[in-house]
Each structure stands twice: as C-alpha cells, then as structure tokens.
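The values are calculated or read from the model by the stated rules, or taken from the named source; none is laboratory data. Model, not experiment: these values are computed from the prediction. So basically every Cβ, Gly included, is an ideal-geometry build from the backbone, and we count neighbours across all protein chains shown. Areas reflect the complete protein model, heavy atoms only, side chains present, ligands, DNA and RNA absent. Shrake-Rupley method; radii C 1.70, N 1.55, O 1.52, S 1.80 Å.
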Amino acid sequence: MRVGKIQYGFTVLIIFLSVIGGAMSLNFWVTKQTIPVTVMFSEDIRGWMTLKQVSEAMKIPVGEVKERLTLPVDTNDAKSLKELASERGLSTEEFKQRLFK
Amino acid sequence: MNKHSIFHPTRRMSLLRNASLIGFVMLMGYFGIRHQIVGGGPQGSPPLDSYCVFGGVETLWSYVTKGQFLQKTNLSNLVLLTAAVLVTLLTGASFCGWICPFGALQEWIGIIGKRLFGKQFPLPVHIDRPLRYLRFVLLALILYMTISTDKLWFEIHDPFKAFFGFEFELSPGLVILLLLSILSIFIERFFCKYLCPLGALFSLLSPLSIIKLKRQSSHCIGCNLCNKSCPMGIDVAHVQNTGGDCIRCLQCMENCPKPEALILESGKNPSPPIPHSVDYRR
Ligand code: SF4
Ligand code: SF4
C-alpha cells in the first residue's frame, strides 16, 4: 500500500504521541524523582534534596545533618543542598561529601 | 512563490517536518530550562534525563534485572523508548528525521554551513564507510559501562544533555557539543551518521519496518538529485530501498523530479545492505 509524504509524517507523529498519551492516561508516565530509600554513598544523595529530605533518607535527625554540613542551626530545613552549596561557593559534589565524613 | 521556499505548496512535507522538529526542540528546551529554574526532586521539575529516549535504553537492563531505574531515569524513559521503537518498526528510523531535537539542531547548523560555503564537505568513501560503524561501537561501550557502573555513565559526555540541560558548565559533554557543532557546519548530521548510539539502534530495527522508502528503477531517470539532497549520504539513486541509515526525512522524495521514482510503500521486501557513501552526491 502506498503512503503519501504528508500522511507518512502524520503517521509518525500520531504513533509517537499516542503511545505517550496512552501511557499518561494509564498513569505510566512517571517523571518525578523520589527520595532514595537507602543511602550508602554520596551519589545516593541528590542536589535537589532539602535538609529535611536528607535527614529522612539517611535516617538521622536534621540537627545532625546541619552539623555534618557545618551549617548554622537556624538554617531553613526546606533549603536544597544545591542552593546551600552555591550560597557557599561550593559544588554540590563537594558539599555532599561532608555528610559522609 | 519561490519553489525553494518552505511555504511553496510542493514543500508542504518539509513544512510539516520542520514544524515537528521545532516543536520538539522547543519542548526539550522548556523542560531543560524549567528544571534549571525550579530544581529537581519530588517538589521540583523532572530532569532532562527523564525525557530522553536513550535513557530508556540505558535504564532497561537495570529495570529488567533489578526492578529499579538508574538515577535520573524513570518510567517515562521506557514509555519514550516504546514509542520510538514502535514508530521505527512501522515507519523506519523516522524518529531521527521527524522528532529528535538533537538531529534537528545538527540539520539547522548544516543549513547555515551550506549557506556559508554553498556546499557540504562529505568525507571520502574510504573514511566514511568504516566510520559509520563507530556508532555501533559507542552503543556497545555505553551499554557495557552503564551496566557495569550502574549509573548513567554517558551523562557527562552527552552533547544532547549539554545543550538542552542549559547548564553550560565546562564538561566533556560541552566540549563534545562544541566540536560537533563545528563539524556539523561542514558535514551534515555528523553525529547522526557516525556517533549517535540511538541512531545505531534504530538503524538495526529500521530494515524491519513495515513502510519502506523504495526506488522504482523503471521511473528513475538517474539525475542523482536525490543523492544530492540526502543528509545521510545514502546512494538513493542506485538502491532498491533506502535501508537502515535512512532517517526518513523524505528530502530525496521532495527533490525528485519524477513523482513515481521514489515511493513510500508497505511491503515485506528484505532491505539490501546499508547503502554507504557521500561521494554519490557530487
Ligand atoms: S541519529 Fe541520533 S541524534 Fe541523529 S536524529 Fe537519530 S537519534 Fe537524533
Ligand atoms: S534516503 Fe531520502 S529519506 Fe532517507 S535520509 Fe536520505 S534523503 Fe532522507
């Protein structure tokens, strides 16, 4: 069976978008990251994690997280590691390392 | 209206294809910028990696063997991979010609190169041929390293992420991106032809596709205009069907003076070996 050029283009786009649309409607389209259940290495800790999320993931109190990161006790728990690192002129990688010392 | 204008009625297909590419480039740019502004995590916006088809290839092993996704990947990657594989099995490697935002960027840079120099500078056949296997080597290397390190090993080398991630920090990916951008000025779709691991995968699946791009030799007048317009350097004028390297951009069809010479048809003829060479364009 012959297929026209325009028809072909629409076929490509319709198949591609339909699979994504179908997955969305069936709740298979998951993009959000979740807090890691176990933390063993610094790679398990992500830059987007807030102090509170780090404390949950590492199963230690927020106070201890702040202490390991040498942060003042009144630091906002909702701040992310990435934000805190850049405020201190550090890379997130360097900053995260402090949690494991 | 100028026949070469993209708005000319005979170029409606190019208009549609470019609209599609612009749409996907903008979408990817939006995801990258949004992630930079909002940040990641459950409270933020997903990383660019979650919208990458190749991420699906990288995370598949981990998902099948351990039920876990590699860091930064998610179920969305497998959905995208499924969509792209289905598209390829039905229509050939059209993902590359109609959807891939990185392919689009290279194509547009190539257009700038053509405007600047009035031509492209394809590699000689004896270099072009062996170099085309490089992307299969890269695909194997990336899969091996990803499985053995259990993380997105290619991430820091990935030119797609270096561009659409909008971080522009000095990294191997950024250096590769700059090099590729320069090469794309002289050689159309350099990355697609010689390096893209995803393109390598699609080129293996594409010969199995239901819809094929065929040349009917009885209608072909051998003018070689198809060869001159092919960004992948395929010898369209001498093959029966365009094979695995073809990204189904349909430029050859659009430039062919004989409407019946190149056709899109569903059928089960086996594809001939991957056609090579850029010299045919001369
Ligand atoms: S070969 Fe790779 S970069 Fe080129 S269009 Fe295909 S997927 Fe995109
Ligand atoms: S053979 Fe035709 S459709 Fe395939 S890549 Fe070349 S110009 Fe595009």
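What the table shows:
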item	result
Per residue accessible area in Å² of region A:42-100, where ligands, DNA and RNA are left out and the probe is 1.4 Å	51
Positive minus negative residues near B:W98 (Lys, Arg vs Asp, Glu; Cβ under 9 Å)	+2
Positive-pole candidate from A:L84, A:S25, A:A57, dipole of chain A, charges at beta carbon	A:S25
Accessible area of the protein assembly as shown belonging to carbon and sulfur atoms, whole % at 1.4 Å probe	65
A:F28 accessible area, assembled protein chains, probe 1.4 Å, Å²	110
By accessible area with a 1.4 Å probe, ligands and nucleic acids excluded, highest first: order of B:Y51, B:Y30	B:Y30, B:Y51
Relative contact order (%) - criterion: Cα under 8 Å, at least six apart; region: region B:212-263	50
Chain B: relative contact order in percent, alpha carbon pairs under 8 Å with at least 6 residues between	21
Out-of-range pairs (alpha-carbon distance over 18 Å; input A:K59/A:K101; B:K214/B:K258; A:K52/B:K161; B:K66/B:K151; A:K79/B:K151; B:K193/B:K214)	A:K52/B:K161; A:K79/B:K151; B:K193/B:K214
Helix B:75-91 axis, angle to chain B major axis (alpha carbon atoms, nearest 10°)	10
Heavy-atom accessible area per residue - region B:39-179, 1.4 Å, Å²	44
Test item: B:82-90 mean partner chain Cβ contacts at 10 Å	4
Taking region A:42-100 and dividing mean pair separation by its residue count, relative contact order in percent (alpha carbons under 8 Å, at least six apart)	41
Only Lys, Arg (+1) and Asp, Glu (-1) charged, at Cβ; the protein assembly as shown dipole about Cα centre in debye	1300
Proximal aspartates and glutamates relative to B:K228, as straight alpha-carbon distance under 14 Å, when same-chain residues fewer than 8 apart are discounted	B:E188, B:E254, B:D279
Projected-area mean, the protein assembly as shown, by convex hull of Cα positions, square nanometres	21.1
Derived scalar couplings ³J(HN,Hα) [region A:26-33; Karplus, 6.51 cos²θ - 1.76 cosθ + 1.60; whole Hz; x for Gly, Pro]	8, 6, 8, 8, 10, 10, 6, 8
Contact surface A-B: accessible area buried, both sides summed, square angstrom, 1.4 angstrom probe	3400
